[in-house]
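This report refers to the structure that appears directly beneath it.
Just so you know, all these numbers are worked out from the coordinates, no wet-lab data involved. The shown structure was predicted, so the numbers you read here are calculated from the model rather than taken from an experiment. Cβ: placed from backbone, ideal geometry, glycine included. Neighbour counts: every protein chain shown.
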Amino acid sequence: MNELLSRFTPVLIIFVLGILLRKVRILTKNDGELLLKIVFHLTLPALIILSVSVVQISLDLIFLPIIAGSTIVLTHLFFSLTGRFFAVERRIKGTAAVGAMIMNVGFLYPFLIAAYGHTGFARAVIFDFGNGLLVVTYVYYIASRYGDPENQPIKIFRKLCASPPLWALALAFTFNIADLAVPLPIRQTLESIGDMTIPLIMLSLGVYFTPRLVQYPLLISVLIIRIAGGLGCGLLFAELFDLQGLTRSVAVICAAAPVGYNTLTFSSMAKLDVEFAACLVSISIALGILYVPLLILILQSS
């Protein structure tokens, strides 16, 4: 346990550094956006190729994207049943619906790498494929229904098809299935680039971290659905598909991920409540800093 906690310590320190650098105005939210762009277009694809190309493919991995998609659908159902009790503006309720569904798997990457190495990270990437596919189709459609009806989900779906992480995943699977090794010079380059992923993610999280309580009864409801409801879905599907070991742990942890950053993006694009979206994301990250390491410890000891 002490060894695992020591692995998490640098991750948390970098997060705090991000907060401090924003406080002293060395970094701004624009810089945080730039850091995430570097992760999305460069360091994350490098890490995906390194990890997924060598992971041992097994039948249980097929269930990970299925669990992700099913969790999104169920959490939407949970919100549909509870959201009717909150008398708030339609655009606020739309933001809440989106926040309840989207899983911030990217937030989990540093913790999963620290706890399980590249093998755990590879499983999280496969899980996130199902999450991402449903987010840019089903979730964006829901956001559009609450917001501007002129928004077209097909536009953002095209962005998914052009995303570097998706192509990196396809390339990594090709190398894996064909039993090809990444050439040594390329592997060493990818390792150097991929090693920047954790620091950049955690710095950007610290830069974006601005927790405020807005519409707190609804906010608490959304967080319960996203975290506790997601955890319940993860445990249910892990049992249903008889997942074992590391695959089970990753499925459960990812299903219980904090509110995803796309909640902010979709709220802006669909003309929902961006301020409420920012509160949801920030407070769920604060909670995630606390409960994700604890959840990993519990799953490792069980």
* Asked: Residues with beta-carbon under 14 Å from that of residue 122, excluding residue 122: net charge, scoring Lys, Arg +1 and Asp, Glu -1?
  -> -1
* **Exposure proxy order (Cβ contacts within 10 Å, fewest to most) of 125, 11** => 11, 125
* Dipole in debye (nearest 20) - the range 1-114, about Cα centre, beta carbon charges: Lys, Arg +1; Asp, Glu -1 -> 560
* Out of these labelled values of Cα extents along the principal axes in Å, (i) 52, 43, 36; (ii) 57, 48, 41; (iii) 70, 42, 35, which was calculated from the coordinates shown here? -> (ii)
* Asked: Going by alpha carbons, how many degrees (0 to 90, nearest 10) lie between the helix axis of 184-194 and the longest principal axis of the chain?
  -> 30
* **Exposure proxy order (Cβ contacts within 10 Å, fewest to most) of 175, 78** => 175, 78
* Would you work out the charge dipole size for the chain about its Cα centre, treating the Cβ of every Lys and Arg as +1 and the Cβ of every Asp and Glu as -1, and quote it to the nearest 20 debye? => 760
* Structure fact -> If the chain between residue 57 and residue 13 were fully extended at 0.36 nm per residue, the gain over the current Cα-Cα distance would be 12.4 nm
* Asked: Based solely on its DSSP helices, what 222 nm [θ] is calculated for the chain when runs of n ≥ 4 H residues each add -39,500 (n - 2.57) and the sum is averaged over all residues, nearest 500 deg cm²/dmol?
  -> -24000 deg cm²/dmol
* Report the calculated FRET efficiency for residue 25 and residue 302 (r = Cβ-Cβ distance, R0 = 51 Å), to the nearest 0.05. => 0.70
* If you line up the long axis of helix 2-23 against the longest principal axis of the chain, both from Cα atoms, how many degrees apart are they, to the nearest 10? -> 50
* To do: Just check the range 39-80 against the gyration tensor rule for me: Cα atoms, a ≥ b ≥ c as the square roots of the eigenvalues, rounded for a/c under 1.5, and otherwise prolate or oblate depending on whether a/b exceeds b/c.
  => oblate
* What is the order of 103, 196, 202, fewest Cβ neighbours within 10 Å to most? -> 196, 202, 103
* Asked: What is the chain's relative contact order, in percent, from Cα pairs under 8 angstrom and six or more apart in sequence?
  -> 34
